[in-house]
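To keep things clear, I will list the structure first and then write my remarks on it.
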Amino acid sequence: MENTISEKVSCLIIGSGPAGYTAAIYASRANLKPVLYQGIQPGGQLTITTEVENYPGYAEGIQGPEMMADFEKQAARMGADIRFGIATKVDFSKRPLQVQIDEEKWIAADSVIISTGASAKWLGLPSEERLNGFGVSACAVCDGFFFRGKDAAIIGAGDTAAEEALYLSKICTTVHMIVRKGEMRASKVMQDRVLNAKNIIVHWNSETDEILGDKKVEAVRIVNNKTGEKKEIPVSAFFVAIGHKPNSDIFNGWIDMDETGYIKTIPGTSKTNVEGVFASGDVQDKIYRQAVTAAGSGCMAALDAERYLSEKGLH
């Protein structure tokens with residue numbers, strides 16, 4: 001069955017974090033007249049971050065939502081057509097490329113920039129949600145700085161958790177690492193570093209029972225899943241490092257991904273395996289995952305899209 005196309009655009013951007021908005025700024029300046037759909041979480045993960053202190057140019061730091069509002073304003077000022085809406089399906093079998101919005105209308109596009117980001121995996125505790133931004137965070141590199149000289153807890157057992165525990169150990173007094181099993185998934189070298197760090201205490205076979213605190217994190221209660229013993233550990237911060245899930249499901253079967261769903265791009269570019277489709281930001285970056293690197297890759301995607309459209313005589 002043919003999709004009924006309701007609109008044709010030159011450059012369609014899916015997602016509105018630092019990558020999507022930066023792509024929109026560059027694509028607008030190249031006169032590609034980009035249309036950007038903001039997705040399920042306009043502004044992306046930064047809208048659930050409070051203080052951002054590591055993005056260049058904001059000398060005093062800035063609130064995450066405010067920073068994303070600045071990005072959006074700049075993209076709009078350059079001429080980007082920014083819309084509410086979620087991409088729900090794609091058909092990359094024909095030219096122009098086709099993307100469905102909100103399960104109803106289909107848009108045809110000569111080029112598509114995917115900037116759908118990734119979502120942190122959470123434990124699912126009500127206290128985790130309630131204290132998110134008040135000591136609960138999914139990014140130690142982003143937020144660890146605010147807890148220097150204090151005690152912190154981190155949950156996870158992979159390389160990211162080990163890396164973040166080591167990062168925290170340099171700024172926090174004591175780091176309590178909560179590991180569900182009697183071993184870590186992290187690489188041997190990372191495990192050795194964690195175990196050799198004097199101020200990291202690993203709690204093996206342990207799960208988080210509850211994060212305690214009224215208006216901010218004050219302690220974490222853990223339970224030993226072998227003995228059932230519970231204990232409370234006073235901490236000022238609780239970091240969740242159990243992984244991220246890239247928001248790439250709708251591209252399954254069209255775009256090459258790794259085993260966890262991160263979109264594969266040709267190294268040094270934003271190009272995917274489908275001609276005319278580019279990926280930027282956290283949906284294709286599982287290593288750095290910072291606002292500044294996402295913005296940089298959004299710039300790359302817009303430049304790659306502009307070159308592609310020029311070469312094809314579409315711009």
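Footprinting exposure proxy ranking of CYS11, CYS172, fewest other C-beta atoms within 10 angstrom first, gives CYS172, CYS11. Applying 1/(1 + (r/R0)^6) with R0 = 30 Å to the Cβ-Cβ distance of LYS215 and TYR58 gives a FRET efficiency near 0.70. Length available on full extension from VAL189 to ASN31: 0.36 nm per residue minus the Cα-Cα distance, which gives 52.0 nm.
Stretched out straight at 0.36 nm per residue, the stretch from LYS73 to TYR288 would grow longer than its current Cα-Cα span by 74.8 nm.
Give the residue from MET300, VAL202, GLN100 lying farthest towards the positive end of the charge dipole for the chain; charges sit on Cβ (+1 for Lys and Arg, -1 for Asp and Glu) and the dipole is referred to the Cα centre. It is VAL202, whose Cα lies furthest towards the positive end.
For the stretch 132-144, putting each phi into the Karplus relation 6.51 cos²θ - 1.76 cosθ + 1.60 with θ = phi - 60° gives couplings of 5, x, 10, x, 9, 8, 10, 8, 5, 5, 6, 10, x Hz, in residue order, rounded to whole numbers and with x for Gly and Pro.
Evaluated with a Cβ-only charge set (Lys, Arg +1; Asp, Glu -1), the chain carries a dipole of roughly 420 debye about its Cα centre, given to the nearest 20.
Taking every Cα-Cα distance in the chain and sorting them into 20 Å bins starting at zero, the pair-distance distribution P(r) comes out as 32, 50, 18, 0 percent.
Under a 5 Å amide H cut-off, with hydrogens placed 1.01 Å from N, ILE154 pairs with HIS176, MET177, ILE178, PHE239 among residues at least 5 apart or on other chains.
How high is the FRET efficiency from THR88 to PHE134, r the C-beta distance, R0 25 Å, rounded to 0.05? Walk me through the numbers on the way to the answer.
Details: r = 34 Å, r/R0 = 1.34.
Efficiency computed from Cβ-Cβ geometry: 0.15.
Under 10 Å from the Cβ of THR173, count the other residues' Cβ atoms, weight Lys and Arg +1, Asp and Glu -1, and hand me the total. The answer is +1. Helix 159-169 and the long axis of the chain differ in direction by around 60°, with both axes built from C-alpha atoms.
Sorted from fewest to most neighbouring beta carbons within 10 Å, what does the list PHE147, PHE239 look like?
Working: PHE147 23, PHE239 29.
The fewest-first ordering by Cβ neighbours comes to PHE147, PHE239.
The Cys residues in the chain with no partner Cys Cβ within less than 4.7 Å of their Cβ are CYS11, CYS172, CYS299. For LYS312, which lysines qualify as cross-link partners when the Cα separation must be under 24 Å and same-chain residues fewer than eight apart are set aside? Hits, sequence-local ones excluded: LYS8, LYS33, LYS94, LYS264, LYS271. Note the full-extension length gain between ILE40 and GLU207 as 0.36 nm times their separation in residues minus their Cα-Cα distance, in nm to one decimal. Taking 0.36 nm per residue and subtracting the Cα distance, the gain is 57.1 nm.
Applying 1/(1 + (r/R0)^6) with R0 = 41 Å to the Cβ-Cβ distance of ILE266 and THR227 gives a FRET efficiency near 0.20.
Quick note: the coordinates plus some simple rules give every number you see, no bench work behind them. Predicted model, so just to flag it, every value in this text is computed and none were measured. No Cβ is skipped: glycine too gets one built from the backbone with ideal geometry, and neighbour counts run over all protein chains shown.
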